[in-house]
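Report on the structure given below.
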Amino acid sequence: MLPRQSKHNLGGLKVNIFVRKASHDIHIPYLEGDNLMKLSTMFLIYAIISAIFGLAFVFTPETSLAFYGINLSPGGISVVRLFGVALIEFALLSWFVRNAGNSEARRAIILAFFVGEVVGFILALFGQLSGAVNVLGWSTVAIYLLLALGFGYFQFKGGITKIV
């Protein structure tokens, strides 16, 4: 396609501008506006991840943590099981809210999940850098980071959402 010439007069100074239109438009669907991901999909992903880890921590805490090189006392196992229950609650909340309409309650849930995932990312990163867990701990760091980015996207995509 040939360039198009545009003539402009800027205070007595004649300027010729050449504009060339691209022969084809580039379309990247995952990087354009609201097509990045639907909120219902984000809630579904969160529900699945939370349910998997929650069930594993409730029913097989010793085996689940052994993959990370962690051995716990009976008291530690009890705390891990309670953490598993909390993850199951998050999974259920995420599952039930995934198709809910826009509301103050849903925005509060998004903010709560975002803040929780950011704090979880920081703690997982510190734990990993301190050597508290083996190399598999990096997967936990990555999961918290990706979930924080996902909920952060929905929390801030239209500006900071006011929740009062």
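Readers should treat all values here as calculations from the given coordinates under stated rules, not as data from a laboratory. The structure displayed is predicted, hence computed values, not measured ones. In this analysis, Cβ positions are derived from the backbone assuming ideal geometry, glycine residues included, and neighbour counts consider all displayed protein chains.
Please compute the Cα-Cα pair-distance distribution of region 38-156 with 5 Å bins starting at 0, giving whole percents from short to long.
Cα pair-distance distribution for region 38-156, in percent: 2, 12, 19, 23, 20, 12, 8, 3, 1.
Kindly give Rg over Rh for region 65-115, based on alpha-carbon atoms, with the Kirkwood expression for the hydrodynamic radius.
1.17
Simple spin-label model, 7 Å along Cα-to-Cβ: N134 to K38 in nm?
With each label point 7 Å from Cα toward Cβ, the separation is 4.0 nm.
Count charges around G54 for me, please; just the other residues with Cβ under 13 Å from its Cβ, Lys/Arg as +1, Asp/Glu as -1.
Spelling it out: positives minus negatives among the neighbours equals 0.
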